[in-house]
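Enquirer: Take this structure first; my questions come after.
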Amino acid sequence: MHRFPDDLTCLKHLEKRRWPDGNTVCPHCGHQKKKIYRSKDGKTFKCSSCSKRFNAKTGTL
């Protein structure tokens, strides 16, 4: 509970684990960071190429 007090903290940690170099990649179409936008709530991304939303958990178990 101390390390992950809320969902946003946990998602930030998963983002660092999935994309350690900070280069976010769309799991739907494969486009990279320059075409990826973070939503206002900070929990999801949107790809400008395929227009699909995703987060660090998308496409994982």
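Enquirer: Output the residues belonging to the stretch 1-29 that are basic (Lys, Arg) and part of a loop (DSSP other than H, G, I, E, B).
Expert: Matches in the stretch 1-29: ARG3 only.
Enquirer: Right, another one. Count, please, the residues in the stretch 1-31 that happen to be surrounded by 10 or more Cβ atoms within 10 Å (Cβ to Cβ), of a type outside the set (A, V, I, L, M, F, W, C) and within 18 Å of ASP41 (Cβ to Cβ).
Expert: So the answer is 5.
Enquirer: Tell me, which residue of the stretch 37-51 that is out of contact with any Cys (no Cβ under 6 Å at 6 or more places or on another chain) and either assigned to a strand (DSSP E or B) or not polar (S, T, N, Q) (or both) is surrounded by the most Cβ atoms within 10 Å (Cβ to Cβ)?
Expert: Checked the stretch 37-51; the qualifying residue surrounded by the most Cβ atoms within 10 Å (Cβ to Cβ) is PHE45.
Enquirer: Continuing with this model, one more query. Could you grab the pairs with beta carbons closer than 6 Å, sequence gap of 6+ or different chains, first residue in the stretch 42-61 and more than 12 Å from GLY30 (Cα to Cα) and without any contact (Cβ under 8 Å) to a residue 40 or more places away in the chain, second one among the hydroxyl-bearing types (Ser, Thr, Tyr) and assigned to a loop (DSSP other than H, G, I, E, B)?
Expert: ARG53/THR44
Just so you know, all these numbers are worked out from the coordinates, no wet-lab data involved. Note that the structure is predicted; figures quoted are calculated from it, not measured. Every residue, glycine as well, gets a Cβ built from its backbone with ideal geometry; the counts of neighbours run over all protein chains shown.
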